[in-house]
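Notes follow the structure.
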Ligand SMILES: Nc1nc2c(ncn2[C@@H]2O[C@H](COP(=O)(O)OP(=O)(O)O)[C@@H](O)[C@H]2O)c(=O)[nH]1
Ligand SMILES: [Mg+2]
């Protein structure tokens, strides 16, 4: 009886064990097949790489939003950059990696949104072909720049944009300037912007044609943006006496003054003096680099010059300075003096009057920064002192009754209303605008930066240049060997 009870107990234990085994097997096999589909779905849904890697050019915003919405989707983040370059907001892939909140700081930093009149974006997309990418990344890597360690332009863009500041190139140009401007763009891209992909704003008093847009947007590595100048900023103000203006032009023509009889040139000078920073497209930026057709960049620019300006508290910079042709500005200084007398509060206590005047302000010596090259802070022009100064000059009418250039106007304002420490001479930016060259006279600089210019062409230390005076009044140390190039 005892034996029978023991064997029954064994049978029961075996049955229970077998039942547990069967149940486990069932749970294991069924369980995996039930839970897998949802998890696969949830990973695949937010950002299938194929979808992001081949964006339709016009799907700008949605792509940016997608990237920002997919924080952990690394494969999606890298290819997101083409969308930014295709004319969409330049939200870098890097900015898309953190949670969506990161989008706000990017905007605050000034990374602009695509405006409605940004009509260059679509053709700009093709400029982002990998061909331009590899050299960009390689150059950055060579420079020891961990900002662009990626293997394609998109990665480079994303990395570079992480530390970019709010800045743009700006070119005022006619449609007929397309080819000559292309040469300038190519050199700036190759020597500098391929590593940083800053935007490029093109402004014109007439609508840009398709050829201009095709050519320029294909060449720039950042966004290409095209703006039309409002008519009232490129025409005579009401108070201008047309007959008097015409008479002046005739006189200047007879005197052989360059552009003396040109009406468009006068509008151009007035626009560059008083309006370019007010253009809707320029509102998105803090710093700009002005670029003209047919200029040359002789040396590598292996650091972010915009960021350098900001980090070093500089608001205006130049490469060449010289005296103005005084027949173009007979009353500019008198008008300036009258303005200062009425508004002494705008004169900076650490101004550079000693650079523009040899007699403590009685007369203007004509020295000016050659404004076809400018890297500067737009906020200076936007400020009260300059705005009021421009209004006073415009009211006096010298842009039309004489031929006031934007170069002396900018330079006088910088010298009087800006502390001298905020002005910078870019000795290392080899530059040419016909007929003057800035070529670093220091051999080590030329070699380090792969310059292609001849220092004997350099204008900086020549008798006619105002840059030696600039060095003197600021007490700067001149580069080694400067005396061999006077
Ligand atoms: N849209 C437009 N741009 C102009 C006009 N005239 C000159 N510019 C631009 O203004 C800048 C200065 O003109 P430029 O001919 O180079 O003058 P220069 O450097 O003083 O000989 C360049 O960027 C030109 O492309 C014009 O009538 N319309
Ligand atoms: Mg020019």
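Each reported figure results from applying straightforward, stated rules to the coordinates on display, with no laboratory input. Only a predicted model underlies this, so the values are computations on that prediction, with no experimental measurement involved. As a convention, Cβ positions derive from the backbone with ideal geometry for all residues, glycine included, and neighbour counts pool all protein chains shown.
Points worth noting:
- The relative contact order of segment 177-223 comes to 60 percent, based on Cα pairs under 8 Å that sit 6 or more residues apart.
- Where only C-alpha atoms are counted, convex hull volume of segment 315-486 per residue in Å³: 114
- Highest-first packing order for the peptide set 267-274, 445-452, 341-348 is 267-274, 445-452, 341-348, based on the mean count of other beta carbon atoms within 10 Å.
- Relative contact order for segment 315-486: 30 percent, from Cα pairs under 8 Å spaced at least 6 residues apart, divided by residue count.
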